Structure formats: structure tokens, C-alpha cells
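Worksheet: one structure, shown below.
The values are calculated or read from the model by the stated rules, or taken from the named source; none is laboratory data. These numbers were taken from a predicted model, which means no experiment stands behind them. Here the Cβ is made from the backbone with ideal geometry for all residues, glycine too, and neighbour counts use every protein chain on show. Accessible surface is based on the protein model in full, side chains and every heavy atom, while ligands, DNA and RNA are left aside. Shrake-Rupley method; radii C 1.70, N 1.55, O 1.52, S 1.80 Å.
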Amino acid sequence: EREKLPSLIVYYQLDKYNIDVNARMKIDEFARAIKADENSNRTYYLIGAADSATGSVRRNIFLGKARCKAVYDILVNEYGISADRLKCFPLGGITEFEPKELNRVCIVVEPNDELAKLLDKWSVRE
């Protein structure tokens, strides 16, 4: 059985998509794990979200994309992770977890993760 890589959840402040010091440390740990697994061709899904309780639909879609891209850019440009191993899924403001801070995230998962499977089904419908 394959070793499970560390999960990555990057939290953001309201209406922000910049990477803070805590997020950078998490990304660093995750990137090192990916690089240590170079014999693998694993693909990772970057899921960007914004809470639906704040901001316009347009702004939340932008934030979902920007949050994915912020993590994606660091993984590709600073750690040399191959871009074809990363797939972005910006969700915009459709999530409604409590507390609301749980919605302001970029989550990175493997394709065999239940969340990734759900996204695959959802994206086929578009």
C-alpha cells in the first residue's frame, strides 16, 4: 500500500489570497514530501474555496482561483513540482462550513481522495 502523504490545507483571511508564514511552512513540508516521492506520478488537486456568506459570487470565484494559484505557483516555481502533476479546482463561494474560516482555504488532495472523486463527477457535468 502506498504511503499517505501529509495533507495540506492553507487557510486565508477574509477577502485575501496571500500566503502567510504559517501557510508557507505547511507548503514547504508538503512540497518536500512530494519531492521525496519523485518515483511517483501522483497528481494532486488544489481546491480553492471562499465562503458563500461574504462577498459577491464574482469576487468569490476570483478568490477561489487566486487561492489555488497562490499555492500552485509556490509548488511549481519555488519547489520545482511539475505543473502537470497539479490540477486546480476553484470552487468560489459555494462552501458553507462553520466556522466560516474553514471555507477560506486551498486544500490539496490526491485523486483517490473522496473529495477529488466528487470533484471529478462534478466537473464532468459542466
For residues that are of a type outside the set (S, T, N, Q) and outside any helix (DSSP H, G or I), scanning just the stretch 22-41, find the one that is farthest from I81 (Cα to Cα). D37
Does the stretch 66-73 contain any residue that is in a helix (DSSP H, G or I), under 18 Å from D84 (Cβ atoms) and among the hydroxyl-bearing types (S, T, Y)? yes
Which residue out of T43, T54 is surrounded by 12 or more Cβ atoms within 10 Å (Cβ to Cβ), touching a helix residue (DSSP H, G or I) at 6+ places or on another chain (Cβ under 8 Å), farther than 26 Å from E114 by Cβ and at pLDDT below 90? T54
Qualifying positions in the stretch 57-86 - surrounded by fewer than 18 Cβ atoms within 10 Å (Cβ to Cβ) and touching a Leu at 6+ places or on another chain (Cβ under 8 Å): V76
Of the residues that sit in the stretch 24-40 and are within 25 Å of G92 (Cα to Cα) and in contact with a Leu (Cβ under 9 Å, 6 or more places away or on another chain), which one is most open to solvent (accessible area, probe 1.4 Å)? K26
